[in-house]
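A short write-up of the structure that comes next.
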Amino acid sequence: MYELENALRDYAWGSRTAIAELLGRPVSGGPEAELWIGAHPGAPSVARRADGSETPLDALIASDPEHFLGSESVAEFGPRLPFLAKVLAAAQPLSLQVHPSIEQAKEGFARENAAGIAQDAANRNYRDDNHKPEMIFALTPFESLCGFRDPAATRKILAHIGTCFGQTEVPPLVTELLQFLENPDEGAGLRAAFERLIQGGDDVPPATATVAAALSAEGASLAPYQKELSTVVDLHEQYPGDPGVLISLLLNRISLAPGEAVYLPEGKIHAYLSGLGVEVMASSDNVLRGGLTPKFIDVPELLRTVDFTSVQVPMLNREISGLGQELYRPPFREFQLQRIELAPGAAPVPLAQSGAVVVLVVEGAVYLDSPKGDLQLARGGSAFLAASEAPVNVHAVTGATGTAVAFAVTTGVPAAGSGS
């Protein structure tokens, strides 16, 4: 077992306090957006041995992949940790974004390498050759845009916007979007509406401003679409004229309560708006942006990537195993999440393990025990456990007076009927 020192990413949208308060440490003074727990070469965790020596986790794994990952993981995913865990704290909206399929990622990464585009270049789409399916488990109320809404429901919202203008003419762009969404070919209609906005044009910024002004005017009635239409106003304040403001109207607007989780396959456009959560994904940093950002947007590549089908919100149901493990298993092989809660004196919980595991403690303290060793972790502590370490039990610390809560991530086996 190895204690970990994890990389903190200071993206501008990050909360200045949420991660520090969760993990019980002083604030840094700047934005703290993501804590990366894993072996992605962009920001690998550092593994600390019992003798105090330290090694980047990706280098440690590379020294003996089968020992650390297990032979099955190496055979399926190669000699790298297949997942990346994060604590994500959004004080402001992230960019609208989508993640590529593994085939697209491999092709795009090779193409950009051949073109000589630097790995850290602003106009780089593919920073590695992997796909990035992901899930988010909410630790606080968590707000998000998640996949395309049924066009019939979106037409009702767009029609309601017209009532907020009174005697003033509705911008022709809104009427255009309504017409696109009347297409009996749902995917073609969504694509046309999205493409019209993302490709911009001189009329998009003023139309966006006009819609936001009408929605925020005194006396404007946003009900029964308060959440969706307030989001337009809020996004316009932060990204005036950005095409992503009106694109948000095409998407499911969801609110997760603490303890709820949602998963996102490849091609599903989304944006996290605010909140604190545990995010888990395949180990990748590939993001194609589609608005709500000053960063590079490659429109042709984005249009190749987006899945233009509407979706029900892909909620991820909790499972309780026969061993009492609380599990969240999306339909991806790369990862699954286990939440562990131990009251003082509670019986130990077996760690769900399929290959390597990372563990993070967010409340109290836990004691990890295996036939090969043991390790105590306090709040904010994290660890990497090799595949060869199994089986591992998670214990409440003797004499503890409060509840302990930890999260563990390992390679997953998709649950039957994941989601709802």
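The values are calculated or read from the model by the stated rules, or taken from the named source; none is laboratory data. From a predicted model like this one, the values you see are computed outputs, not experimental measurements. With ideal geometry, Cβ positions are generated from the backbone for all residues, glycine too; neighbour counts draw on all protein chains shown.
Within region 85-104, the residues that satisfy the criterion of being touching a helix residue (DSSP H, G or I) at 6+ places or on another chain (Cβ under 6 Å) and under 30 Å from Ala383 (Cβ atoms) are Val87, Ala89. Looking for something closer than 25 Å to Gln376 by Cβ and either surrounded by fewer than 17 Cβ atoms within 10 Å (Cβ to Cβ) or of a type in the set (Gly, Ala, Ser) (or both) - is there at least one such residue anywhere in region 313-321? Looking for residues that are closer than 25 Å to Gln376 by Cβ and either surrounded by fewer than 17 Cβ atoms within 10 Å (Cβ to Cβ) or of a type in the set (Gly, Ala, Ser) (or both), one finds at least one in region 313-321, hence yes. Scanning region 341-377 for residues that are in contact (Cβ under 8 Å) with a residue 60 or more places away in the chain, small (Gly, Ala, Ser) and under 21 Å from Leu35 (Cα atoms) turns up just one, Ala356. The single condition from (1) in a loop (DSSP other than H, G, I, E, B); (2) under 18 Å from His131 (Cα atoms); (3) aliphatic (A, V, I, L, M) that Leu302 fails is (1). Residues that are under 18 Å from Pro171 (Cβ atoms), in a helix (DSSP H, G or I), of a type outside the set (D, E, K, R) and in contact with a Pro (Cβ under 8 Å, 6 or more places away or on another chain) occur in region 233-249; there is at least one.
Scanning region 1-57 for residues that are among the hydroxyl-bearing types (Ser, Thr, Tyr) and in contact with a Pro (Cβ under 8 Å, 6 or more places away or on another chain), which turns out surrounded by the fewest Cβ atoms within 10 Å (Cβ to Cβ)? Once the filter is applied, the top-ranked residue is Tyr11. Here is the figure for region 370-382: residues that are surrounded by fewer than 18 Cβ atoms within 10 Å (Cβ to Cβ) and in a strand (DSSP E or B) total 4.
Is it the case that Val233 is of a type in the set (A, V, I, L, M) and under 30 Å from Pro331 (Cα atoms)?
On the way: of a type in the set (A, V, I, L, M): yes; under 30 Å from Pro331 (Cα atoms): no.
No; evaluated as a whole, the condition is false for this residue.
The rows are residues; the columns are (1) surrounded by 15 or more Cβ atoms within 10 Å (Cβ to Cβ); (2) in contact with a Gly (Cβ under 7 Å, 6 or more places away or on another chain); (3) farther than 30 Å from Glu326 by Cα.
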{"residue": "Asp185", "(1), (2), (3)": "no, no, yes"}
{"residue": "Glu195", "(1), (2), (3)": "yes, no, yes"}
{"residue": "Asp203", "(1), (2), (3)": "no, no, yes"}
{"residue": "Ala223", "(1), (2), (3)": "no, no, yes"}
{"residue": "Asn252", "(1), (2), (3)": "yes, yes, no"}
{"residue": "Leu264", "(1), (2), (3)": "yes, no, no"}
{"residue": "Gly277", "(1), (2), (3)": "yes, no, no"}
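Scanning region 43-65 for residues that are assigned to a loop (DSSP other than H, G, I, E, B) and in contact with a Lys or Arg (Cβ under 8 Å, 6 or more places away or on another chain) returns a single hit, Ala43. Against the test of being out of contact with any Gly (no Cβ under 9 Å at 6 or more places or on another chain), under 23 Å from Ala91 (Cβ atoms), outside the structural domain of Ala91 (by TED's automatic domain parsing) and hydrophobic (A, V, I, L, M, F, W, C), the options Val211, Val232 yield a single qualifying residue, Val232. Of the numbered criteria (1) out of contact with any helix residue (DSSP H, G or I) (no Cβ under 7 Å at 6 or more places or on another chain); (2) outside any helix (DSSP H, G or I); (3) surrounded by fewer than 21 Cβ atoms within 10 Å (Cβ to Cβ), the one Phe308 fails is (1). In the set (1) aliphatic (A, V, I, L, M); (2) part of a loop (DSSP other than H, G, I, E, B); (3) out of contact with any Ser or Thr (no Cβ under 9 Å at 6 or more places or on another chain), Ala352 fails one condition alone, (3).
Can you name every residue in region 383-404 that is among the small types (Gly, Ala, Ser), outside any loop (DSSP other than H, G, I, E, B) and within 16 Å of Ile340 (Cα to Cα)?
Going through region 383-404, the residues among the small types (Gly, Ala, Ser) turn out to be 383, 386-388, 390, 396, 399-400, 402, 404.
Those still in the list that are outside any loop (DSSP other than H, G, I, E, B) too: 383, 387-388, 396, 404.
Selection gives Ala383, Ala396, Ala404.
The set of residues in region 1-43 that are under 22 Å from the mean Cα position of the chain (by Cα) and farther than 25 Å from Pro93 by Cα comprises Leu4, Glu5, Ala39, Pro41.
In the set (1) part of a loop (DSSP other than H, G, I, E, B); (2) out of contact with any strand residue (DSSP E or B) (no Cβ under 9 Å at 6 or more places or on another chain); (3) in contact (Cβ under 8 Å) with a residue 12 or more places away in the chain, Val413 fails one condition alone, (2).
For region 163-176, the tally of residues that are under 20 Å from Gln226 (Cβ atoms) and surrounded by 15 or more Cβ atoms within 10 Å (Cβ to Cβ) stands at 4.
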